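Here's the structure we're looking at; comments come further down.
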Amino acid sequence: AFLLPLGNERGRIDRVLIVDTDIRRGRLHKINGLDNKKGLANYLTDGLPLGDVIKKTDVPNLSAVTCGASIINMSQLFSSQEMTKFIRETREQFDIVVYDTAPLAVISDTAILIAQLGGSVLTVRSGVTTLGILPKCFTLIKESGAAFIGVILNGVRSDTDPYYNRYYKQS
């Protein structure tokens, strides 16, 4: 996931947008029970206005832009004027914009996209992401010029991992 932290003039975060940029295998619409007929791909290719692709979620203050129809060559679209316009428009309307991307080390589109964003957070899945891939990810983030904010470790099951199980049961 890649972040664009902004905040509003009151120093509060009232409006958050999550954008599914994984055009090939996006899942944001499934997770949130949203329609995926109009999404980011449609905004970039069909000239839809931003309001047509933003969807409300069940979470207060959280809106979403789903991936939309699959486009074969997203790397060209991520470096297009339309993508620059999308980033600018969302910055103006939301306090925080989170871009949920395809895997950084696997899909070249992601490296192109993060170069345009304010910062990046690398999400690592326990038991899935290998240690060997992490140096490549850190290099791609550094080369993109985006600020590296940190790492999110997800998928850890404390009931089956002896280290975490022991750590959390000591209290």
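The values are calculated or read from the model by the stated rules, or taken from the named source; none is laboratory data. Please read these numbers as outputs of a predicted model, since none were measured by experiment. Here the Cβ positions follow ideal geometry from the backbone for every residue, glycine too, while neighbour counts run over all protein chains shown. Note: areas computed on protein heavy atoms with side chains; ligands, DNA, RNA excluded. Shrake-Rupley method; radii C 1.70, N 1.55, O 1.52, S 1.80 Å.
Just one of (1) under 20 Å from Leu44 (Cβ atoms); (2) open to solvent by 40 Å² or more (accessible area, probe 1.4 Å); (3) not aliphatic (A, V, I, L, M) trips up Asp109, so point out which.
Unmet condition: (2).
Picking from Val128, Val59, which residue would you name as being at pLDDT below 90 and within 25 Å of Gly33 (Cα to Cα)? So that I can check it myself, show each step before the final result.
On the way: Val128 fails: within 25 Å of Gly33 (Cα to Cα).
Being at pLDDT below 90 and within 25 Å of Gly33 (Cα to Cα) holds for just one of Val128, Val59, which is Val59.
Taking the stretch 52-63 as the region of interest, how many residues are in contact with a Leu (Cβ under 6 Å, 6 or more places away or on another chain) and not polar (S, T, N, Q)?
Initial filter on the stretch 52-63 (in contact with a Leu (Cβ under 6 Å, 6 or more places away or on another chain)): 55, 63.
From what is left, the residues that are not polar (S, T, N, Q) are 55.
Matching residues across the stretch 52-63 total 1.
Mind counting the residues in the stretch 81-106 that are within 12 Å of the chain's Cα centre (by Cα) and open to solvent by 30 Å² or more (accessible area, probe 1.4 Å)?
First, pick out the residues of the stretch 81-106 that are within 12 Å of the chain's Cα centre (by Cα): 96-104.
Subset that is open to solvent by 30 Å² or more (accessible area, probe 1.4 Å): 96, 100, 103.
The total comes to 3.
May I ask you to say which residue of Thr66, Thr110, Thr21, Thr123 is of a type in the set (Ser, Thr, Tyr), in contact (Cβ under 8 Å) with a residue 12 or more places away in the chain and farther than 25 Å from Lys136 by Cα?
Result: Thr66 is the single residue among Thr66, Thr110, Thr21, Thr123 that is of a type in the set (Ser, Thr, Tyr), in contact (Cβ under 8 Å) with a residue 12 or more places away in the chain and farther than 25 Å from Lys136 by Cα.
Would you point out the residue of the stretch 41-65, among those that are of a type outside the set (Val, Ile, Thr) and part of a helix (DSSP H, G or I), that is nearest to Ile23 (Cα to Cα)?
So the first thing to find is which residues in the stretch 41-65 are of a type outside the set (Val, Ile, Thr), and the list is 41-44, 46-52, 55-56, 58, 60-64.
Filter again for part of a helix (DSSP H, G or I), leaving 41-44, 46, 50-52.
Numbers: Ala41: 7, Asn42: 10, Tyr43: 12, Leu44: 11, Asp46: 15, Leu50: 17, Gly51: 19, Asp52: 17 Å.
Selected residue: Ala41.
Please determine whether any residue of the stretch 66-78 is over 21 Å from Leu48 (Cβ atoms) and either in a strand (DSSP E or B) or open to solvent by 30 Å² or more (accessible area, probe 1.4 Å) (or both).
Residues of the stretch 66-78 that are over 21 Å from Leu48 (Cβ atoms), as a first pass: none.
Taking every residue of the stretch 66-78 in turn, none turns out to be over 21 Å from Leu48 (Cβ atoms) and either in a strand (DSSP E or B) or open to solvent by 30 Å² or more (accessible area, probe 1.4 Å) (or both).
Could you check how many residues of the stretch 112-132 are open to solvent by less than 60 Å² (accessible area, probe 1.4 Å), over 18 Å from Leu77 (Cβ atoms) and either out of contact with any Gly (no Cβ under 7 Å at 6 or more places or on another chain) or charged (D, E, K, R) (or both)?
7
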